[in-house]
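In what follows, a single structure is set out as structure tokens and then discussed.
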Amino acid sequence: MIAPLRVGFVTGATPDKWARHWRERRRESLHLVSTTEADQLDGVRDGSLDMAIVRLPVDRDGLHCVRLYDEVQVVVASADHVVAAADAEVSLADLVDEQLVRPHPSGWTPDAEQLDWPPMTEQEAIETVAAGTGVVIVPMSVARLHQRKDVVSRVVADLEPTTIALVWKVERDDDVTQAFVGVTKGRTANTSR
């Protein structure tokens, strides 16, 4: 029996298209495993996952890393927050007086004195801002995943996009791994590396 390929994917990533192409081309089964941003590398490092679709930045030590795509970042706030008045985008300057209920990975912090929030998931952060407390900045895919009627999201125009990438251990660079890399990079069944 051929061992399945086990691929983790971070919240907001959408591996469905790649999984479909894999199943059309390969005999190995593909097991997709959802992970959070906080634990997105754990399975690759401990061997329970062969590869993972992650949101950068990550510690790349001992890992191959292939960039897949970028996604814009958005601010999420309650539906009656001043952010809701913006047509499509806001800037960081518009957010300087806000409370961030979850630290931003870039290290950006508003000028306003920040409360000491407990660690929380993206979903918990969006639930918190829905209650009218602060704002959270997340990738657009995460905001869509946790979309609610009582929140709005607006693109933050002057924040760099986040990057989704595929990672795997350097020592696991075999034909099956390279076949999955090829699928994610858009190679056809007849294309060689």
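Read-outs throughout are calculated quantities, based only on the coordinates presented, and are distinct from any laboratory measurement. The shown structure was predicted, so the numbers you read here are calculated from the model rather than taken from an experiment. Cβ sites come from the backbone with ideal geometry, for glycine too, and all protein chains shown count toward neighbours.
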What is the helix-to-structure angle for 175-184, meaning the angle in degrees between its Cα long axis and the longest Cα principal axis of the chain, kept from 0 to 90 and rounded to the nearest 10?
40
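Can you tally the net charge around residue 6? Count Lys and Arg as +1, Asp and Glu as -1, for every other residue whose Cβ sits under 12 Å from the Cβ of residue 6.
Working: positive: 172; negative: 28, 46, 50.
Once positives and negatives cancel, what remains is -2.
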What ³J(HN,Hα) values, in whole Hz, does the Karplus curve 6.51 cos²θ - 1.76 cosθ + 1.60 give for region 71-85 when θ = phi - 60°, with x put for Gly and Pro?
9, 6, 9, 10, 9, 10, 9, 5, 4, 9, 6, 4, 4, 4, 6
List the GluC sites (Glu not before Pro) in region 41-120 that DSSP assigns to loop (not H, G, I, E or B) and whose Cβ has at most 12 other Cβ atoms within 10 Å. Which are they?
113
Charge dipole (debye, nearest 20) of region 73-156; +1 at Cβ of Lys and Arg, -1 at Cβ of Asp and Glu
360
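Rounded to the nearest 500 deg cm²/dmol, what is the calculated helix-only ellipticity per residue at 222 nm for the chain, with -39500 (n - 2.57) per DSSP H run of length n ≥ 4?
Working: 5 runs with 40 residues, N = 193.
It lands at -5500 deg cm²/dmol.
Tell me, 140, 120 in order of fewest to most beta-carbon neighbours within 10 Å? List each step's numbers first, then the result.
Values: 140 17, 120 14.
Least to most surrounded, the residues fall as 120, 140.
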Would you be so kind as to identify which of 14, 177, 137 lies farthest towards the positive end of the dipole of the chain, taking Lys and Arg as +1 and Asp and Glu as -1 on Cβ and the Cα centre as origin?
177
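Evaluate the charge dipole of the chain about its Cα centre and quote only its size in Debye, nearest 20, assuming +1 on the Cβ of each Lys and Arg and -1 on the Cβ of each Asp and Glu. Provide the component values of the computation, followed by the final result.
On the way: 21 positive and 31 negative charges, 293 e Å.
For this selection, approximately 1400 debye.
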Hey, in the GNM for the chain with a 10 angstrom Cα cutoff, which one of 162, 14, 128 fluctuates hardest?
14
Cross-link reach from residue 185 to aspartates and glutamates, straight Cα distance under 18 Å and at least 8 residues apart if same chain, gives 16, 24, 50, 70, 71, 173, 174, 175
With the calculation restricted to Cα positions, what are the radius of gyration and Dmax of region 73-156 in angstrom?
11.3, 31
Contact order normalised by length for region 49-193, with contacts defined as Cα pairs under 8 Å and 6 or more residues apart; what percent is it?
45
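Over region 73-156, what is the mean sequence separation of C-alpha contacts under 8 Å (at least six apart), divided by residue count, expressed as relative contact order in percent? Show your work: numbers first, answer last.
Working: 140 pairs, mean separation 45.2, N = 84.
Over region 73-156, the number comes to 54 percent.
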Residues 163, 36 arranged by fewest to most Cβ contacts within 10 Å:
36, 163
Hey, how many Å between the Cα centroid of region 114-172 and the Cα centroid of region 41-84?
10
Rounded if a/c under 1.5, otherwise prolate or oblate - region 63-116, Cα gyration tensor axes:
oblate
Reported label for calculated volume of the Cα convex hull per residue in Å³ given (i) 138; (ii) 127; (iii) 116:
(i)
Computed ³J(HN,Hα) along region 47-54: with the Karplus parameters 6.51/-1.76/1.60, θ = phi - 60°, integer Hz and x for glycine or proline, the list is x, 6, 10, 7, 8, 8, 8, 10
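Taking the number of other C-beta atoms within 10 Å as the exposure measure, put 94, 70 in order starting with the fewest. Walk me through the numbers before you get to the answer.
Numbers: 94 17, 70 13.
In increasing order of surrounding Cβ atoms, one gets 70, 94.
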Residue with peak Gaussian network fluctuation, the chain [Cα springs, cutoff 10 Å], from 34, 78, 106:
106
